[in-house]
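We did not get these values from a lab; they are worked out from the coordinates using the rules stated. The shown structure was predicted, so the numbers you read here are calculated from the model rather than taken from an experiment. As a convention, Cβ positions derive from the backbone with ideal geometry for all residues, glycine included, and neighbour counts pool all protein chains shown.
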Amino acid sequence: MIVSDTFKKQYLFEQPPNGAASAQGVPSDRWLLVSVIMLMMAGLLAVYSSIAFFAETKLTTAGALVGGHAVKLVISLLVMIIVSKIDYHIIARLSRYALLLSWLFLIIVHLYGTEVFGARRALHLGAFSFQPSSLATVSLLVYVSHLVAQKQEYIKSFKLAFMPVMFWILVTCALIGLEDFSSAALLLAMCMVIMFVGRVSMLHLFGLVFLGVIGAGLILSQSVERQSRLTNYLEQVRHIESSEFQLGSGYQAQQGHIAIAQGGFLGVGIGKSTQRDFLPAPYNDFIYAIITEEYGLLGAGVILLLYLFILFRGIAVIAKRARDPLGMLLAVGCTLGVTMYAFVNAGVATGLLPVTGLPMPFISYGGTSMLFSGILIGILLRISKNREEAYE
């Protein structure tokens, strides 16, 4: 099958004489970078406000933990800058090996990882911990973009295009889903968007949705904890005052709702949160609830607007102006890899979604998410350097 004339006209631009080198001197998307730095600053304040109780359990001080968080932010920023200097075609070619490595780590963490809140998600190496699912997520988003771009000439073929791409997606999502169903489901959804943008057959994608629903049902049926979270979410939707919701796994959501209600429109003020002493993981999974409590709906709305702005710049500007199909698909995948996690985290805190363990990129406490979010933004910055205008 031949690539359509429309797709060629929009995405298959002629390469400049000196390849990517011709883009030297062209600035990266500064609006994107500024938005990320603003999120980092907001996250530093939010972590400082929410981590006091956690510091006591670790026999240390909030200042020490916030200092460590600041170091992770700096490392993420440095990684972001370094990745923005690397040709994204090289990153795409290496993504297959990174994905295979992540499979090995996911198997190891499933067998030997430390269990926290009923799931094994991290490998602990002394004072350091590492979540292989973050490596798998970034590697898969990049590699799926690479494969879909490679197979454009026969992208509608079930055997030559859809099945080879789906092999990598299904294996990765299955390995992640063993311990982290929400991350696996979100990753599958993001990969489907990449495939949709890359012109994969809609019939094949609808079939994938059907299989995904069946698979989700089977995974949920095997976990009492996941069933409990879903049951409590439905109970919350029907009747928020239910005693069943307020006890057990519904406790987290209830405390998040209290934090948001106390915040009102302008918030209670910086560092004056009371729910940080009651919310499990207020510095991570429920950090958006603490932000809403201290800064109100106004401050929480600004955070969401920053993520929406990143979504707009990544899709409507960087992806649209990308030099080639790979750049366009990568921009879509990297943008979704940052913003969708943020929207899910906010949805959990506000009660719109069932409780999950997904962090808010650049705001939640934790090094693994910060590092790999920096890689995604770095790739976006590199793609923005190779935009179409650079060769005009």
Exercise. Modelled label-to-label distance, Ala64 and Ile82, 7 Å Cα→beta-carbon offset: nm?
Worked result: 2.8
Problem set entry | Leu203, Leu123, Leu326 arranged by Cβ crowding within 10 Å, fewest neighbours leading | Leu203, Leu123, Leu326
Seminar exercise, completed: Violations at 27 Å Cα threshold for listed pairs Lys85/Lys156; Lys85/Lys159; Lys85/Lys320; Lys72/Lys151 -> Lys85/Lys156; Lys85/Lys159; Lys72/Lys151
Problem set entry | Sum of side-chain charges, Phe312 neighbourhood, beta-carbon under 14 Å (Lys, Arg +1; Asp, Glu -1) | +2
Problem set entry | Value of Rg/Rh across segment 274-335 [Cα atoms, Kirkwood radius] | 1.22
